[in-house]
Structure formats: C-alpha cells, structure tokens
Amino acid sequence: MNSSIKNYIAIARPDHWVKHVFILPGIFLAMVIHDVGLIKVLPALFIGLPSAFFIASGNYVINEWLDRSFDRFHPTKKNRPAAAGLLAAQWVYWEYVVLITMGMGLAYWVSPVFFVAAVCFVISGFLYNVPPLRLKEKVYIDVLTESLNNPIRLTMGWGIVSYHALPPASLMILFWFSGAFLMTVKRFAEYRYIVKQGKLDALKEYRESFKFYTEDTLLVLSFLYAILSSFFIASFLIKYRIEFLFSFPFIALLFTYYLAIGLREGSIAQSPEKLHKDKGLLFIVFLAVSSLVLFSFWDISLARWILESHPGVIFFGDSIP
C-alpha cells in the first residue's frame, strides 16, 4: 500500500475503535431494563457500530490535523503523520467530511436516540478540537469535555435497543464522571512520564492546560471523579435492580486497578487503546461484567431485606419491653 495512503488511514486511528467498548454496557443495560432479546438488536447493531467507528475516526482526523503544531513538542506524538508534515490539508478535510457523512448516514437508520447521540458525538469532537473554543486547552474543562464521549457512546448503545427513550440520568452521569476519572489518570501518567524525562517545558507547549496541572492536582482530581462515579454507580444499581449492588466490589476493584496502572513507570494509561493488552485489567473487567450478567437474573432476597426499614435495634433473645 502506498505510504501516503497509510498515513491517511493512520490518522483515522482504527486501532482506537476499541474505545467503543463503552457502547456495549448501553446495549446490555437497555436489553435488561426493556426486556429485549439479542436477536431483535442485531440488525441495528450491525449498522450502529460502523456508524460510531466512522464518526470517531472523523473526530480523530480533525484532532490530529489541528494538533500537528503542538504534537511536535511531545516525545512520541511528534512522529505522527500530521506532525511530521506528511499530509496535505485538502485531503485531510475531505477525509473528515467523508467519514462524518458516512457515520451520520448510517446513524439515521438506527434510531432517533442513536442519531441524536451521533450528532452530539460530532459536536463534541468539534468543540474539543477546533478554535476558537478548542476546549482541550482549557484546564479542568478539557477533561470534562473529553469524558463526555463516554455517556455519548453509552447513549449510542442504548439507542441500538431503545428507539425513543434516553438512558437514565444517573447512568449517563456515572459514565461521564467515570470517563473523567479515566482521562485524568491518563493525564497524570502522561505528566509523570514527560516530567521524568526532564521535558516539562515541552509538555506545557504541547498542551496549554498542563501549564496549570501538577502531579498532585491530577491525582487529587482522579480521586474526586472516582468518588463522584461511585455515588452515581450506587444510585443507578440500587434504583434499577438491587441485586446489581453485589457487583459494586468488582467495579471498585476496577477503578483501583486502573489507578494502579496509571502509577506505573511508562504507564499504558497514556494510550487507552492499548489497555486491552493488560491481562489483569481484562480479568477484572470480566469479573465485573460476569457479575452484572449473573445478578440480572438472580433474585436475592437478602438484597431487598438490606434496603427495608428496620426501626429499633435487633436483639438476640427476648426483646426489651
């Protein structure tokens, strides 16, 4: 394949499509809550996933092109095709338009909910990358904006099953704050990696927000987003199926393990698309997902007893009059 064609494929980042794993919980939870079988979901799934892939790739294309002058200050991103001056502007913009058009065209045939989520996905990428807003340069706002892609992907998955109803607000907010946790740990790992190389000044040129972040700030922020995520996770689990509460320890373990990944030397948290290579993380994800599937069908009376009101004190033997 011609090397120039490879460069244009590379900026679409098909290897990052793995991030669309956040679509799957939306599909699964919508199937459980709306009692829809997998067979009914498959046609929309085969249209919806390519739609999400194309829109994400369109966002990556414009991201890399507009970041090219900043990526030259990054120790690894400076080798990207755009930063290396290997791309032509007109072809980059044509690639963006084609990918977004294909994605939106497919989204239209999935469901109204999916289409609205797809529109939000495009707008999110535009606001995050394109001047004069370019929210990726705004301290704190950068994380909250980038992490909006998580509830958007969740809604896409939900829209594959549910044609008109949006996901519960608690579910969307927990995905938002969970995404903020992931993105903050990513920045934390990136900050530590570059600072240890003695290139803090280059990091600040690479991204305006790093002029205000510190290692301590990013670590504390990740803790804040983890707590907020936990609150809304518990709210959703208790409200929609109390048995899901028994899955919470596995979810908490998942957050803890991801932070541990971020603390490693040269952490792969800097490149979320590579996280599937961590066997420990995959095992914990498997445990969390398996428990959610199990407790979707297993009614546990103890769970309901825990939530019942029990005034007074329980005594062993005779009660006090």
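The values are calculated or read from the model by the stated rules, or taken from the named source; none is laboratory data. This is a predicted model, so every value here is computed, not measured. Cβ: placed from backbone, ideal geometry, glycine included. Neighbour counts: every protein chain shown. Heavy atoms of the whole protein, side chains included, go into the accessibility calculation; ligands, DNA and RNA do not. Shrake-Rupley method; radii C 1.70, N 1.55, O 1.52, S 1.80 Å.
Structural remarks
- When Ser230, Ser222 are compared by accessible area of protein heavy atoms, the largest-first order is Ser230, Ser222, using a 1.4 Å probe.
- Each residue of region 258-267 was assigned a 3J(HN,Hα) from its phi angle through the Karplus curve 6.51 cos²θ - 1.76 cosθ + 1.60 (θ = phi - 60°); the sequence is 5, 5, 4, 4, x, 7, 6, 5, x, 4 Hz, with glycine and proline shown as x.
- Shape of the chain from the C-alpha gyration tensor: oblate (a/c of 1.5 or more and a/b not above b/c, with a ≥ b ≥ c the square roots of its eigenvalues).
- Carbon + sulfur, % of accessible area of the chain - ligands and nucleic acids excluded, 1.4 Å: 71
- A Förster radius of 22 Å, combined with the Cβ-Cβ distance separating Ala84 from Asp15, puts the computed FRET efficiency at roughly 0.75.
- Backbone geometry of region 143-158 corresponds, through the Karplus equation with coefficients 6.51, -1.76 and 1.60 at θ = phi - 60°, to 3J(HN,Hα) couplings of 5, 5, 6, 4, 6, 4, 4, 5, x, 5, 5, 4, 5, 4, x, 4 Hz, x marking Gly and Pro.
- Backbone HN-Hα couplings from phi across region 56-71 [Karplus 6.51/-1.76/1.60, Hz, Gly and Pro as x]: 4, 5, x, 5, 5, 4, 5, 4, 5, 5, 6, 8, 4, 6, 8, 4
- Overall Cα dimensions of region 82-151 - principal axes, largest extent first, Å: 39, 33, 18
- Excluding ligands, DNA and RNA, the accessible surface per residue across the chain is 51 Å² with a 1.4 Å probe.
- With all protein chains modelled, accessible area of Met172 [1.4 Å, Å²]: 60
- The chain, relative contact order in percent, only Cα pairs under 8 angstrom and at least six apart counted: 18
- Sites Asp201 and Phe297, calculated FRET efficiency, Cβ-Cβ separation with R0 41 Å, nearest 0.05: 0.15
- When shorter helices are ignored and each DSSP H run of at least 4 residues is given -39500 (n - 2.57), the per-residue value for the chain at 222 nm works out to -22000 deg cm²/dmol.
- Order of exposure, largest accessible area first, which applies to Thr217, Thr155, Thr76 with probe 1.4 Å: Thr76, Thr217, Thr155
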